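> Structure below; questions to follow.
Since every read-out is calculated from the coordinates, none of them should be taken as a lab result. Fair warning: this is a prediction, and the values are worked out from it, not measured in the lab. Cβ atoms come from the backbone with ideal geometry, glycine included; neighbour counts cover every protein chain shown.
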Amino acid sequence: MTDYSTIDFSDLEQASVDEVITHSIVRDVTLASGRTLALITLHNGRDHKRPNTLGPLTLRELSDTLDELAERAAKGEIDAVAVTGKPYIFAAGADLSQISSLSSRDLALKIAQRGHHVLGKLSELGVPSFSFVNGLALGGGVEIALNSTYRTIDSSAAAIALPEVFLGIIPGWGGAYLLPNLIGIENALEVVISNPLKQNRTLKPQQAYDLGIFDAIFSPANFLEASLSWADGVLDGSVAVERKNAPGKIERSIKWPAAIKIARGMLESSVGPMPRSPYRALDLLEQAVKGTKEEGFEREDEALADLVASDEFAASMYAFDLVQKRAKRPVGAPDKDLARPVTKVGVIGAGLMASQFALLFVRRLQVPVLITDVSQDRVDKGLTYIYDEIAKLEGKGRLDADTANQLRALVTGTTDKADFADCDFVIEAVFEETSVKQQVFREVEEFIADDAILATNTSSLSVEEIGSVLAHPERLVGFHFFNPVAVMPLVEVVRTPQASDAAVSTAFVVAKNLRKNAIASADAPGFIVNRLLAKVMGEASRAVDEGADLVDVEKAFEPLGLPMGPFELIDLVGWKVAAHVQDTMVHHFPERFYASPNLHAIAEIEQPLERDKKRRITGWSKQARKAIEVGKSPASGEEILRRVEDELAREIRLMLDEKVVPEVEDIDLGLILGAGWPMIDGGATAYLDRVGASARAAGGDFHDPKILGVN
């Protein structure tokens, strides 16, 4: 077994660059029983906007503090040790800026070993240890608690999670061994693997308590006092800590391997074979069924070192920085002070998409929202949908009764465009045809103020052409949502040559107030995300038309790491929609895009795909096979993949040359947020550099140096 105490960590600490140290501040607390508890408060000297993090220098200070407390415990000066955090924050885990800057696998191994060395001391103090989790706890913050003897949680804590798999690594400071042995394998699989892969889902405090991660939950009004009193009771035996999933109660011989097998199958079908971190985490959870804690920690050391040194982690950190920083400060957005105030929103249309818009606007902006359509019947159907959705949110406890009633009162409908006169922001969600959109905007422009903003949700049409019939084309912007509207975090804000700074600024501010991330796009066919997805779908269609088997084509795309294969995606968005997008792109760029006549034929079939019991595509349906015509010269999987990689690289270079986006990072951000392009790829461009497509087809890499690990 590794003796962590013999390892020299000085080179790790010397590599720590500009670390914001989270200090370990100790004070003695005399409990009601007269016992003494040494309380460590983690605090980095900043407010809650800069959470406590755990870098090499922070770990050194915590290590020294725990050593001193162990000495005091040996002398009988203290009866227990507890750890808590600064207001609203326990700890947000390892300092990712420090970890991502490590220059070798040896240093990556040492950060894993150092975490185990320091946090492991919480179980070796000679007296019981407690974690009073008073706020946000992620990653290493949760692992501080897991290494403690007992744990309490504040019911108002913002989030509890082990998000490492989302970032291309694994819980490497005890989480992968300690958690399944605390709460059982099925619960641990949810926390360690399933939640991170569901767009980094976190636990609420009550959920974490119900799973058994915490022993007690208290309200924020007196959290620390209640935790201290509870700890005093634990120490004198008056409080019995009951754990339903205690090690002796966890079934290991049948349930554990069965859960692992099911989870492995789900991973294979949901994320494919390419991402390393979920499978490495699954292996660690599988092995945690037996062996010692020390053996479990050593396995975590090796796994974390391998992953931190990998290309996957380097790309994840690049993507994480885009999502956490760049998305919050959109490049190309005019000064926010130029934005018009939005006190009433108009939605043209009352179909499903328009109704989703109206619901989102009223929930987030809480201003009056007016919908319209060609008939009162259609308007009434739209209003019914919105009211029903509000009722569902109320039923789930996500809205209280007063708020639900307020939102319902704010949404109204009309068939008279004159009622839009006092709307500041009007968005259309009508049929995807230029003349239709021109007509509805021309009608509403007669009534609205000269400085009211118009927005089109078109996904492929020219915004400039739509606005060419307006008296004030400078007021029109593209405001392209992704479906489902409530879930997808991206909005493409499309600027025409005529658009005013006020109109564009208003669009960006509205997107932010809707809790969406906005990126700027020029008015180019397909804008950003759909232009590149059209490449993916076009190359997949070309491969089928040449004669490749459908399943083989889906498999050929797996190395891209997309959340679903190209035909799975087409089946989701709709075959007619996909065919229309391909036709549109070919109309604009006939020499670069591919439109398959087979897509139109398949679009007329109710169920074109055959699937197995797990809903995986197994081939074309009998009807589809009769409807399509394919060649007899199928490309290999390797050739199909190389073609789509090269086509993507070439198209991205053209988009940059044409100034469709300000910078290459905006393409990656758009693909991550709008198409689910995996964080572990770093969007598209880091992947294309890594596989050589950028050099082959785009005149050189998009990033200098390439975004690579330290292997």
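> Have a look at VAL477, CYS423, GLY682 and report the one farthest towards the positive end of the charge dipole of the chain, computed about the Cα centre with Cβ charges (Lys/Arg +1, Asp/Glu -1).
So the residue we want is CYS423.
> Strictly over 25 Å apart at the Cα level, which of LYS198/LYS325; LYS204/LYS381; LYS198/LYS381 would you flag in this model? Don't skip to the answer; put the middle values down first.
On the way: LYS198/LYS325 21 Å; LYS204/LYS381 35 Å; LYS198/LYS381 32 Å.
Pairs exceeding 25 Å: LYS204/LYS381; LYS198/LYS381.
> Can you work out the FRET efficiency for the pair LYS659 and GLN206, with r the C-beta to C-beta distance and R0 = 56 Å, to the nearest 0.05?
Working: r = 49 Å, r/R0 = 0.88.
So, using R0 = 56 Å, E works out to roughly 0.70.
> Right, another one. Please work out whether the stretch 1-113 counts as rounded, prolate or oblate from its C-alpha gyration tensor, where a ≥ b ≥ c are the square roots of the eigenvalues and a/c under 1.5 means rounded, while otherwise a/b larger than b/c means prolate and anything else oblate?
Working: a/c = 3.07, a/b = 1.46, b/c = 2.11.
Judged from the Cα gyration tensor, the stretch 1-113 comes out oblate (a/c at least 1.5, b/c at or above a/b).
> Once you sort the root eigenvalues of the Cα gyration tensor of the stretch 172-249 as a ≥ b ≥ c, which label holds: rounded (a/c under 1.5), prolate (a/b larger than b/c) or oblate (the other case)?
On the way: a/c = 2.64, a/b = 1.54, b/c = 1.71.
Since a/c reaches 1.5 but b/c is at least a/b, the shape of the stretch 172-249 is classed as oblate.
> Using the beta-carbon distance between GLU591 and ASN513 and R0 = 30 Å, what value does 1/(1 + (r/R0)^6) give for FRET efficiency, to the nearest 0.05?
On the way: r = 42 Å, r/R0 = 1.38.
That pair, GLU591 with ASN513, gives E of 0.10.
> Right, here's the next one. Remind me, relative contact order of the chain in percent, using alpha carbon pairs under 8 angstrom and six or more residues apart? Before the final figure, lay out each step's value.
Values: 1343 pairs, mean separation 74.0, N = 711.
Normalised by residue count, the contact order of the chain is 10 percent.
> Roughly how many Å is it from the Cα centre of the stretch 176-192 to that of the stretch 369-418, as a whole number?
The stretch 176-192 and the stretch 369-418 have Cα centres separated by 42 Å.
> Extension gain ARG329-ARG35, at 0.36 nm per residue separation less the Cα-Cα distance, in nm?
So the chain would gain 100.7 nm between ARG329 and ARG35.
> Please report, in debye to the nearest 20, how large the charge dipole of the stretch 156-283 is about its Cα centre when each Lys and Arg carries +1 at its beta carbon and each Asp and Glu carries -1 there.
Working: 12 positive and 12 negative charges, 125 e Å.
Computed charge dipole of the stretch 156-283: roughly 600 debye.
> Kindly state, to the nearest 0.05, the FRET efficiency for ASP402 paired with ASP380, given R0 = 25 Å and r defined as their beta-carbon distance.
Numbers: r = 25 Å, r/R0 = 1.00.
Once rounded, the FRET efficiency stands at 0.50.
> What nm distance separates the two modelled labels at GLU546 and ARG364, each placed 7 Å from Cα along Cα→Cβ?
My value for the distance between the label points is 4.1 nm.
> Output the antiparallel fraction of DSSP beta bridges having both residues in the stretch 423-515, as a percent to the nearest 5.
Values: 4 of 11 bridges.
Here the antiparallel bridges make up roughly 35 percent for the stretch 423-515.
> Moving to a separate point now. For a protection proxy built on the mean count of beta-carbon atoms within 10 angstrom, sort 636-644, 408-416, 130-138 highest first, please.
Numbers: 636-644: 17.7, 408-416: 15.7, 130-138: 27.9.
The peptides rank, most packed first, as 130-138, 636-644, 408-416.
> Among 390-403, 154-167, 459-472, how do they line up by average Cβ neighbours within 10 Å per residue, starting with the highest?
Answer by packing, highest mean first, reads 154-167, 459-472, 390-403.
> A further question on this structure: Taking the DSSP beta bridges in the chain as the whole, what percent of them are antiparallel, to the nearest 5? Can you show the working numbers first?
On the way: 17 of 63 bridges.
If we restrict to bridges inside the chain, about 25 percent are antiparallel.
> GLU19: net charge of surrounding residues, Cβ under 12 Å, Lys/Arg +1, Asp/Glu -1, itself excluded?
Net local charge, GLU19 excluded: -3.
> May I pose another question? Please report the net charge: other residues with Cβ closer than 11 Å to the Cβ of ARG105, K and R +1, D and E -1. Provide the component values of the computation, followed by the final result.
Details: positive: LYS110; negative: ASP106, GLU302, ASP306.
Here the charged neighbours net out to -2.
> Positive end of the dipole of the stretch 518-562, charges at C-beta (+1 Lys, Arg; -1 Asp, Glu), about the Cα centre: which of GLY526, ALA543, ALA556 has its Cα farthest in that direction?
Projecting each Cα onto the dipole axis, the largest value belongs to GLY526.
> On full extension of the chain, what length is gained from LYS622 through ALA391, given 0.36 nm per residue of separation minus the C-alpha to C-alpha distance?
Details: separation 231, 0.36 × 231 = 83.16 nm, distance 4.22 nm.
Stretched fully, the LYS622-ALA391 segment lengthens by 78.9 nm.
> Right, next: Need one number: nm distance between label points at THR414 and GLU68, each 7 Å from Cα along Cα→Cβ, rounded to one decimal.
6.9 nm
> Anything over 18 Å Cα to Cα? Flag those among LYS336/LYS516; LYS396/LYS516; LYS555/LYS622; LYS255/LYS290, in the order listed.
LYS396/LYS516; LYS555/LYS622
> Nearest 10 degrees, 0 to 90: what angle lies between the long axis of helix 401-410 and the longest principal axis of the chain (Cα atoms)?
With rounding to tens, the tilt is 20 degrees.
> Also, I was wondering about something else. Would you list which lysines come within 26 Å of LYS75, measuring only between C-alpha atoms, while excluding same-chain residues fewer than 8 positions from it?
Qualifying lysines at Cα under 26 Å: LYS121.
> Same structure, new question: Label LYS49 and ARG615 with points 7 Å out from Cα along Cα→Cβ: what is the distance between them in nm?
About 4.1 nm separates the two model spin labels.
> A follow-up question, please. Work through the residues other than PRO171 whose Cβ is under 9 Å from its Cβ and net out their charges, Lys, Arg +1 and Asp, Glu -1.
Numbers: positive: none; negative: GLU143, GLU164, GLU300.
Net charge in that neighbourhood comes out at -3.
> Sum -39500 (n - 2.57) across every DSSP H segment of at least 4 residues in the chain, then divide by the residue count to get the 222 nm mean residue ellipticity, nearest 500. List each step's numbers first, then the result.
Numbers: 29 runs with 323 residues, N = 711.
Mean residue ellipticity, 222 nm, calculated: -14000 deg cm²/dmol.
> Note the listed values (i) 85, 61, 47; (ii) 77, 64, 62; (iii) 72, 59, 56, then indicate which one is Cα extents along the principal axes in Å calculated from this particular structure.
Label of the calculated value: (i).
> Once the piece of chain linking GLU268 and ASP28 is laid out straight, how much longer is it, given 0.36 nm per residue of separation minus the C-alpha distance between them? If you can, show how the numbers build up before the last one.
Working: separation 240, 0.36 × 240 = 86.40 nm, distance 5.13 nm.
Taking 0.36 nm per residue and subtracting the Cα distance, the gain is 81.3 nm.
> How tilted is helix 223-236 with respect to the longest principal axis of the chain? Cα atoms for both, answer in degrees (0 to 90, nearest 10).
40 degrees
> Can I ask one more? If the only charges are +1 at each Lys and Arg Cβ and -1 at each Asp and Glu Cβ, what is the size of the charge dipole of the stretch 492-589 around the Cα centre, to the nearest 20 debye? Walk me through the intermediate numbers first.
Working: 9 positive and 13 negative charges, 134 e Å.
In debye, rounded to 20, the stretch 492-589 gives about 640.
> Now, a different point. Taking the chain as the reference, fit the longest principal axis to its C-alpha atoms, fit the long axis of helix 501-513 to the helix C-alpha atoms, and give the angle between the two in degrees, 0 to 90, nearest 10.
40 degrees
> Please give the peptides 527-533, 118-124 ranked by average Cβ packing (other Cβ atoms within 10 Å per residue), highest first, as a rough proxy for protection. Provide the component values of the computation, followed by the final result.
On the way: 527-533: 24.3, 118-124: 20.1.
Result, highest mean first: 527-533, 118-124.
> Here is a further query. With point charges of +1 on the Cβ of Lys and Arg and -1 on the Cβ of Asp and Glu, referenced to the Cα centre of the stretch 544-635, which listed residue (ALA624, PRO566, PRO597) lies farthest in the positive direction of the dipole?
The listed residue farthest towards the positive side: ALA624.
> Run the dipole for the chain about the Cα centre, Lys and Arg Cβ at +1, Asp and Glu Cβ at -1, nothing else charged, and hand back the magnitude in debye, nearest 20. Don't skip to the end; give the middle numbers.
On the way: 75 positive and 103 negative charges, 266 e Å.
Approximately 1280 debye in magnitude.
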